[in-house]
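Asks: Before we start, here is the structure in question, set down as structure tokens.
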Amino acid sequence: MAIRFGTSGWRAIIAEEFTFESVKRVTEAICSYLKESSSGETQTIVIGHDSRFMGENFSEAAAAIAKDKGFNVLLCDGPTPTPTISHTIRNNRASGGMNFTASHNPPEYQGIKFSTSDGAPALPEITRRIEELIENAPKTDDQDGGQIERFDPCPDYLDDLKTKIRFDVIAKANGQYAYDALWGTGRGYLDKILSDHGLTVETLRDWRDVTFGGMSPEPGEKQLEPLREKVIEDKLTLGLSTDGDGDRFGIIDSGGKFITPNELIVLLSDYLAESRGWKEGIARSVATTNLVDRVAKERGIRLYETPVGFKFIGELINKDEIILGGEESAGLSIKGHYPEKDGILACLLAAEAVAARGASLTEQLNDLLNRIGRLESGRIGVLLNEEIARSLKDKLSQEPSEIGGRKIESINRIDGVKFLFRDASWMLMRPSGTEPLVRIYAETENKKELEVLLEQGRRYLLE
């Protein structure tokens, strides 16, 4: 069985490909990689898990293997958000970290995210080397000196957030919140830090359910309907949510409007430039709204475009070149934070923006779009059957002059293939790194045209 890392780690179905034997192979390969890339001193590795089935068992098995290879293991005590793993790696000067999580995937999946010593998701050249080590299974001898230390990473992580969020501003506004944990790792983190500052927060779905209620723990509009109802019923300031491993966000504004990830990224880019006075650039993935470009232009700061995968934005965070980096899949981090997406941070920034500006997110967004213009964005997925899979590489290598009668101005191949048209619209076709499908993203100046463009993309792919 070949084990391949996608845009955010390796994921597979439990008891089919994701087994204790495969965990052993991956863990040994990661240990081998860390040893070959070090100067020989005893290394520390952080290991954690989310709230999925058998997460604690898999993480304990990996910890035992790493200990036998001579590593000092910091084993997280309880389900831990991925951004907390990132903070723990940096805070303890560890060589890397493993989190057993399949993020927002359905409950039958498990996975492993590997982060390097800077707390960032491992770059492709590193995961390719780990894949080679898995495939070749080089023998590495056990050695003495390793140990396992169980610890609670939550307090240090929350203390760090207090240095980056203006809780005095949030507390002064005295808003009321609901937090939907979606049975994931954010419970006891986001709700705790808000209540610790004297704020009223009611939690939803904050117990462990390894089936995630029979759905994917993804904070999308459909999944957050109970949160929306709570916000409307109790007339709350905001509804906040995070995914299974706490690295993605979901926001319901006062009045019940779902704020899309694209909208929050644009809004927070503008808010941070204004409130912090930061002058560095803004980064977005190739699949994220071009409204980010317009904010950058209005603020007179540089725009960075990256491939999909937060590891690429993380590099810019590490270099202190951006004030914010975001992806339309609800990933976001900021200047001075970790090179890993953080849904808890994103939710707190949303609360800060509302408190500081004394206006709802919807009101702020309307004001911003009245200044920079409006764009509508969306995406669809096309499942890969055998026929589509066979022709996909050839299809995406073509260079058509038009699609659906729309003249193509240029083609961007930074990740997948992105067609830029003569108006402000564009369309991206990109195979998923975690699922057997091709995602088609598009953006136009109105919703009707967006639906048309997405359908034209689907037909182009299938014809």
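The values are calculated or read from the model by the stated rules, or taken from the named source; none is laboratory data. Every value quoted in this text rests on a predicted model; they were computed, and no experiment measured them. As a convention, Cβ positions derive from the backbone with ideal geometry for all residues, glycine included, and neighbour counts pool all protein chains shown.
Asks: May I ask you to say which residue of 92, 99 is farther than 24 Å from residue 330 by Cα and either modelled with pLDDT of 95 or more or β-branched (Val, Ile, Thr) (or both)?
Replies: Matching residue, one of 92, 99: 92.
Asks: Just to be sure before I move on: is residue 270 over 27 Å from residue 86 (Cβ atoms) and buried (at least 23 other Cβ atoms within 10 Å of the Cβ) in the structure I sent?
Replies: no
Asks: Give me the residue from segment 427-439 that is outside any loop (DSSP other than H, G, I, E, B) and touching a Lys or Arg at 6+ places or on another chain (Cβ under 6 Å) and, out of that set, modelled with the highest pLDDT.
Replies: Start the filter on segment 427-439 by keeping residues that are outside any loop (DSSP other than H, G, I, E, B), which leaves 427-431, 437-439.
Applying the additional criterion that residues be touching a Lys or Arg at 6+ places or on another chain (Cβ under 6 Å) yields 428, 430, 439.
Values: 428: 97, 430: 92, 439: 93.
Per the criteria, the residue is 428.
Asks: Take the residues of segment 52-97 that are in contact with a Gly (Cβ under 6 Å, 6 or more places away or on another chain) and not in a helix (DSSP H, G or I): which is nearest to residue 318 (Cα to Cα)?
Replies: For segment 52-97, the residue satisfying everything is 81.
Asks: Something else now. I'd like the residue in segment 116-137 that is among the hydroxyl-bearing types (Ser, Thr, Tyr) and within 14 Å of residue 83 (Cα to Cα) and, out of all such residues, is surrounded by the most Cβ atoms within 10 Å (Cβ to Cβ).
Replies: Here the answer is 116.
Asks: Looking at segment 273-286 only, could you name the residues that are over 18 Å from residue 164 (Cα atoms) and surrounded by fewer than 24 Cβ atoms within 10 Å (Cβ to Cβ)?
Replies: Of everything in segment 273-286, those that are over 18 Å from residue 164 (Cα atoms) and surrounded by fewer than 24 Cβ atoms within 10 Å (Cβ to Cβ) turn out to be 281, 286.
Asks: Next up: From the list 18, 71, 58, 53, which residue is over 26 Å from residue 309 (Cα atoms), of a type in the set (A, V, I, L, M, F, W, C) and at pLDDT 95 or above?
Replies: Only one candidate qualifies: 71.
Asks: Note down all Cβ pairs under 8 Å where the first residue falls in segment 266-284 and is in the same structural domain as residue 348 (by TED's automatic domain parsing) and touching a residue at least 40 places away in the same chain (Cβ under 8 Å), the second is assigned to a strand (DSSP E or B) and of a type in the set (Phe, Trp, Tyr), and they're at least six residues apart or on different chains.
Replies: 281/304; 282/304; 283/304; 284/304
Asks: From the list 233, 221, which residue is in contact (Cβ under 8 Å) with a residue 24 or more places away in the chain, charged (D, E, K, R) and either under 23 Å from residue 176 (Cβ atoms) or outside any loop (DSSP other than H, G, I, E, B) (or both)?
Replies: It is 221.
Asks: Also, I was wondering about something else. Can you tell me which residues in segment 335-361 are closer than 19 Å to residue 182 by Cβ and more than 21 Å from the chain's Cα centre (by Cα)?
Replies: If the condition is that a residue be closer than 19 Å to residue 182 by Cβ and more than 21 Å from the chain's Cα centre (by Cα), then no residue fits.
Asks: Let me ask something else. When you look at residue 18, is it surrounded by 21 or more Cβ atoms within 10 Å (Cβ to Cβ) and not assigned by TED's automatic domain parsing to the domain that holds residue 83, yes or no?
Replies: no
Asks: Still on this structure, please answer the following. Examine segment 330-346 for a residue that is in contact (Cβ under 8 Å) with a residue 40 or more places away in the chain, out of contact with any Ser or Thr (no Cβ under 8 Å at 6 or more places or on another chain) and more than 23 Å from residue 169 (Cα to Cα), and state whether such a residue exists.
Replies: yes
Yes or no, residue by residue, for (1) out of contact with any strand residue (DSSP E or B) (no Cβ under 9 Å at 6 or more places or on another chain); (2) buried (at least 18 other Cβ atoms within 10 Å of the Cβ); (3) not assigned by TED's automatic domain parsing to the domain that holds residue 171:
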residue	(1), (2), (3)
353	yes, yes, no
388	no, no, yes
422	no, no, yes
425	no, yes, yes
447	no, no, yes
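Asks: Then there's this: Can you tell me which residues in segment 75-89 are buried (at least 24 other Cβ atoms within 10 Å of the Cβ) and either modelled with pLDDT under 95 or of a type in the set (A, V, I, L, M) (or both)?
Replies: 85, 89
Asks: Got a number for residues in segment 378-391 being under 29 Å from residue 221 (Cβ atoms) and either part of a helix (DSSP H, G or I) or without any contact (Cβ under 8 Å) to a residue 12 or more places away in the chain (or both)?
Replies: Residues that pass the stated criteria total 2.
Asks: Sticking with this structure for a sec: Kindly establish whether residue 162 is under 21 Å from residue 334 (Cα atoms) and out of contact with any His (no Cβ under 6 Å at 6 or more places or on another chain).
Replies: yes
Asks: Something else: Restricting the search to segment 320-333, which residues are more than 13 Å from the chain's Cα centre (by Cα) and either closer than 10 Å to residue 346 by Cα or in a loop (DSSP other than H, G, I, E, B) (or both)?
Replies: 320, 321
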